[in-house]
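J.: Quick one: the structure is below, questions incoming.
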Amino acid sequence: MKALNHVEEPLPAAEKAVETDPLESLMSGREATNTASLSANGVVTGELIGIADEGRTLLVTYPGQRGTGAITARSIVDLHGAHIGRQVVLMFEGGDLVKPIIMGVLRDAQTSALDARPGHVELDVDGERMTVSAKQQLVLRCGKASITLTNAGKVLIEGAYVSSRSTGVNRIKGGSVQLN
């Protein structure tokens with residue numbers, strides 16, 4: 001079997017292909033020669049600068065972008081007002097530098113703590129009956145009036161004016177009943 005020795009001879013300077021890393025070109029402000037490979041080669045860190053149209057329009061900027069204005073972006077994560085001004089991770093649809101997609105929001109030292117998870121409340125609705133369950137306490141509040149149910153079995157009704165009316169029997173029953 002014969003071994004093939006293949007030696008590439010360098011091309012003259014005029015014939016050399018320009019090899020440019022698209023991400024490097026993007027960051028330096030030069031136009032990339034192969035933008036289609038940008039999405040496969042890496043991501044860009046930009047900034048979320050605005051949210052408009054009730055969250056339907058996301059505006060971002062990133063280093064090396066063409067022009068100085070914000071670019072409309074799409075997102076795969078839920079974003080809200082607290083994210084404005086934060087750094088976001090961007091990729092580009094089809095390598096097109098004017099079609100950024102927000103992949104996520106970067107966390108930093110001040111925002112790295114996870115938000116406290118809100119308490120869990122169970123709600124069961126079947127059309128006939130609605131059951132709301134809580135582990136410690138359930139409070140219904142409207143202005144100065146409230147009804148509080150506790151896990152110890154207490155029912156506390158408070159208000160500026162409390163009225164109890166019935167067309168049938170209005171029964172008050174307990175271990176002891178105290179009036180005033």
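J.: Any idea which residue in segment 75-84 is nearest to Arg56 (Cα to Cα), counting only those that are of a type in the set (Gly, Ala, Ser) and modelled with pLDDT under 90?
T.: Gly81
J.: Which pairs have Cβ atoms under 6 Å, sit 6 or more apart or on different chains, and link a residue in segment 53-75 that is at negative phi and basic (Lys, Arg) to one that is part of a strand (DSSP E or B) and at pLDDT 80 or above?
T.: Qualifying pairs under 6 Å: Arg74/Ile101.
J.: Would you say Ala160 is modelled with pLDDT of 80 or more and either polar (S, T, N, Q) or farther than 23 Å from Gly50 by Cα (or both)?
T.: It is true that Ala160 is modelled with pLDDT of 80 or more and either polar (S, T, N, Q) or farther than 23 Å from Gly50 by Cα (or both).
J.: I need a count of the residues in segment 122-161 that are within 19 Å of Gly174 (Cβ to Cβ) and touching a residue at least 12 places away in the same chain (Cβ under 8 Å). Show your work before the answer.
T.: Keep residues of segment 122-161 that are within 19 Å of Gly174 (Cβ to Cβ), which gives 147-150, 152-158.
From what is left, the residues that are touching a residue at least 12 places away in the same chain (Cβ under 8 Å) are 149-150, 158.
Within segment 122-161, residues that are within 19 Å of Gly174 (Cβ to Cβ) and touching a residue at least 12 places away in the same chain (Cβ under 8 Å) number 3.
For (1) at pLDDT 90 or above; (2) surrounded by 10 or more Cβ atoms within 10 Å (Cβ to Cβ); (3) among the hydrophobic types (A, V, I, L, M, F, W, C); (4) not in a loop (DSSP other than H, G, I, E, B), each residue gets a yes or a no:
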{"position": "Ala113", "(1), (2), (3), (4)": "no, no, yes, no"}
{"position": "Ala116", "(1), (2), (3), (4)": "no, no, yes, no"}
{"position": "Gly127", "(1), (2), (3), (4)": "no, no, no, no"}
{"position": "Arg141", "(1), (2), (3), (4)": "yes, yes, no, yes"}
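The values are calculated or read from the model by the stated rules, or taken from the named source; none is laboratory data. All values reported here derive from a predicted model rather than from experimental measurement. Quick reminder, even Gly has a Cβ in these numbers, built from the backbone with ideal geometry, and neighbours come from all protein chains shown.
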